[in-house]
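The values are calculated or read from the model by the stated rules, or taken from the named source; none is laboratory data. What you are looking at is a predicted structure, and each value in this text was computed from that prediction instead of being measured. Cβ atoms come from the backbone with ideal geometry, glycine included; neighbour counts cover every protein chain shown.
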Amino acid sequence: MNNSPNKLTLEKRWVQKGVAIGFYLLLVCGALTIAFVYESTTLWYKIGMDKTMLRTGQLFGLLAAVQLLFQIILAVRGKFLEELFGVATLMRWHRVNGIAISLFAMCHVALVTVPEGITNFPIGKKYWPEMVGVVLFFVILSMAVSSHFRQQLGLVYAHWRVVHRIFGHSALVLVTVHIFFVSDSFRESVPKTALAGVVTAVIIFVLIVKLKGRRKQVRRKT
């Protein structure tokens, strides 16, 4: 009888973990279907390997975007996630996910650029959404490299953390702007509304965690 409350709590935790992971997988699958259900007009003029590469590049871009949003959640964590998965696990996922985002971003850039021709790389005011993507790409690479080689680069942790956080917030803005304007798939109401809803939910989550953290600090000082 004494073990029943613990057993119920353990079962509840597993259910919560299952729901959280299921929601994440649903988000990933939902994002990937956009490349097929709301096909970009750029695919209409491609055939064969070029079309396959371009679509695959779009899929990698969508994966990178989802993982970037997931990365922000892993960064701020929050009490609920910490109790559910453990701080060590969340930090490990954060590091691995940072590498995954970089790889997805590199694949996205390569596979989207090659079918169009590297010499025809979009440059100019007309292609400002693509330029936002280029900036985002270098922000992501900078974050990944500085995170994994911080000590080798001689970066002071306190300074690096501030810059890393600024870059993380900037990446959220850049990825949202890039997706909204670079692909006509997101001119459709369903993908546009879904993206706006997910980004808004992530922002609200971050604000709630930050607010609770500040309240704890105030209570400790008083």
Please tell me if THR41 is of a type in the set (S, T, N, Q), surrounded by fewer than 11 Cβ atoms within 10 Å (Cβ to Cβ) and on the phi < 0 side of the Ramachandran plot.
-> yes
Which listed residue is without any contact (Cβ under 8 Å) to a residue 60 or more places away in the chain, farther than 20 Å from GLY18 by Cβ and crowded, with 19+ Cβ neighbours inside 10 Å, from LEU68, LEU63 = LEU63
In the stretch 147-172, anything surrounded by 12 or more Cβ atoms within 10 Å (Cβ to Cβ) and farther than 21 Å from VAL132 by Cβ is listed as SER147, HIS148, ARG150, LEU155, TRP160, ARG161
For the stretch 151-165, state whether one or more residues are of a type in the set (D, E, K, R), assigned to a helix (DSSP H, G or I) and at negative phi.
-> yes
Has the stretch 135-142 got at least one residue that is of a type outside the set (A, V, I, L, M, F, W, C), on the phi > 0 side of the Ramachandran plot and either part of a helix (DSSP H, G or I) or out of contact with any Phe, Trp or Tyr (no Cβ under 9 Å at 6 or more places or on another chain) (or both)?
-> no
Does any residue of the stretch 46-55 turn out to be of a type outside the set (Val, Ile, Thr), out of contact with any strand residue (DSSP E or B) (no Cβ under 7 Å at 6 or more places or on another chain), closer than 24 Å to VAL190 by Cα and without any contact (Cβ under 8 Å) to a residue 24 or more places away in the chain?
-> yes
Of the residues in the stretch 127-146 that are under 16 Å from the mean Cα position of the chain (by Cα) and small (Gly, Ala, Ser), the one that is surrounded by the fewest Cβ atoms within 10 Å (Cβ to Cβ) is SER142
Having 1 or more residues that are at pLDDT 90 or above, within 15 Å of the chain's Cα centre (by Cα) and basic (Lys, Arg) is the bar; report the helices (runs of 4 or more DSSP H) wholly within the stretch 1-119 that clear it.
-> 87-116
From VAL199, VAL190, residue being exposed (fewer than 14 other Cβ atoms within 10 Å of the Cβ), assigned to a helix (DSSP H, G or I) and β-branched (Val, Ile, Thr) = VAL190
